[in-house]
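First comes the structure, then the notes that go with it.
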Amino acid sequence: MITIRVNRKEYHVDVEPDTPLLWVIRETIGLTGTKFGCGVAQCGACTIHLDGEAARSCVTPVERAIGREIVTIEGLPDDLGRPLKDAWIALDVPQCGYCQSGQIMAAAVLLRENPNPTDEDVDDGMTGNICRCGTYPRIRRAIHLAAQAIAKGAAR
Amino acid sequence: MRQSSPPISASPSPRYPRLWGFALVLLVAPSPASVSLDEKAATKDDPAASRVAFLAVYKVLSHPRCMNCHPAGDAPLQGEDSHPHAQNVKRGKDGAGKYALKCANCHQAKALPGENMPPGNPNWRLPSPEMPLVFQGKSPGALARQLKDPKQNGGKTLDQVLHHAAEDTLVLGCWNPGEGRAKPPLAHEEFVRELRTWIETGAHEPE
């Protein structure tokens with residue numbers, strides 16, 4: 001039995017230590033917002049946060065997450081999650097939507113580390129998250145919009 | 001809850017045939033080379049022997065397993081052809097990547113099973129931007145000068161360079177690169193022996 005914390009809640013799961021964290025999150029725990037894309041850490045659809053850092057859960061053995069804080073799209077805290085989700089909705093970013101939870105999780109790391117990113121910074125932070133619908137221009141605009149909203153919130 | 005889960009070792013999708021032709025280093029290290037690192041080097045100056053030894057060392061340092069994480073630019077390389085790392089990964093301020101593309105976001109503490117799956121090491125990174133230790137594009141002479149210069153080699157003495165080559169898990173990982181990747185052209189023991197010979201015979205620079 002392995003104990004992990006996901007979105008500030010503890011789970012006891014009966015899985016092998018090398019089970020991909022993505023499988024535990026989706027199949028064992030039932031949080032399906034995180035998506036399976038490629039299974040080889042190439043596309044970013046499975047991005048979650050592990051102690052605040054982005055991690056590709058499709059190649060992350062669950063044993064790596066023991067004793068660490070896992071956050072999925074369902075549990076992304078509002079300080080970054082709310083402005084990002086609002087911006088995504090305001091600009092109608094998703095087309096099919098499959099990659100978007102991974103996009104937002106990656107964007108949250110970017111904005112936490114760089115609250116006022118340039119276009120180049122956005123590209124550096126987001127280039128590993130593939131969108132087959134090609135929503136990249138809207139993703140970039142939405143990240144700038146979220147950054148502005150966060151800055152306004154902080155100035156209040 | 002019990003479940004049957006697919007293994008992490010799932011083969012790479014054919015949609016990404018070469019993307020994991022990664023370079024470098026891994027965690028699970030073979031035994032360090034059997035050189036006595038604590039012996040005081042009995043230096044016998046021999047410029048010709050020294051240069052020959054360094055040319056052997058150079059074959060390893062310029063091999064993709066070593067060179068791919070010592071690039072001339074700001075991006076790691078991957079594959080046997082040392083192409084820029086997929087996803088436009090960059091060095092970052094400490095050598096460990098940027099934002100959601102830090103090395104450890106994909107690279108685990110050890111190589112994942114399966115051909116061309118991400119190789120691993122708990123300390124996976126490039127050299128820092130302040131001390132980039134470039135191997136790519138260096139001639140044997142230039143690389144020898146860099147290895148000897150503490151201002152370019154991370155502040156190391158030649159003894160410390162030898163220790164690094166013999167014991168550092170990132171270096172040792174070059175000989176345990178994960179499935180689908182070639183090892184350097186010399187065995188690790190042979191590499192360390194040639195490096196030691198180079199140092200003991202005066203650390204002369206090839207032309």
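Points to keep in mind about this one:
- The listed residues are B:D81, B:D94, and the only one of them that is in contact (Cβ under 8 Å) with a residue 60 or more places away in the chain and of a type outside the set (A, V, I, L, M, F, W, C) turns out to be B:D81.
- Meets criteria (within 14 Å of another protein chain (Cβ to nearest Cβ) and small (G, A, S)) for A:A65: yes
- Hey, B:A104 in contact with a Leu (Cβ under 8 Å, 6 or more places away or on another chain) and not in a strand (DSSP E or B) or not: no
- Taking the criterion of being of a type in the set (S, T, N, Q) and within 7 Å of chain B (Cβ to nearest Cβ), the residues of the range A:36-59 that qualify are A:Q42, A:T47.
- Of the residues making up the range A:94-149, those that are assigned to a helix (DSSP H, G or I) and either away from chain B (no Cβ under 12 Å) or within 21 Å of A:T32 (Cα to Cα) (or both) number 24.
- Filtering the range B:75-101 to residues that are more than 11 Å from chain A (Cβ to nearest Cβ), of a type outside the set (A, V, I, L, M, F, W, C), buried (at least 19 other Cβ atoms within 10 Å of the Cβ) and part of a strand (DSSP E or B) leaves only B:Q78.
- Candidates are the residues of the range A:17-32 that are more than 7 Å from chain B (Cβ to nearest Cβ) and part of a loop (DSSP other than H, G, I, E, B); the one that is nearest to A:V59 (Cα to Cα) is A:P17.
Residue-by-condition table, conditions (1) within 17 Å of A:A55 (Cβ to Cβ); (2) out of contact with any Lys or Arg (no Cβ under 9 Å at 6 or more places or on another chain); (3) touching a residue at least 24 places away in the same chain (Cβ under 8 Å):
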position	(1), (2), (3)
A:A106	yes, yes, yes
A:L111	no, yes, yes
A:P115	no, yes, yes
A:D121	no, no, no
A:C133	no, yes, yes
A:I139	no, yes, yes
A:A151	no, yes, yes
A:A155	no, yes, no
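- Scanning the range B:103-117 for residues that are surrounded by fewer than 22 Cβ atoms within 10 Å (Cβ to Cβ) and at pLDDT 95 or above gives a single hit, B:A104.
The values are calculated or read from the model by the stated rules, or taken from the named source; none is laboratory data. Computed from a predicted structure; not experimentally measured. Virtual Cβ from ideal backbone geometry, glycine too; neighbours counted across all protein chains shown.
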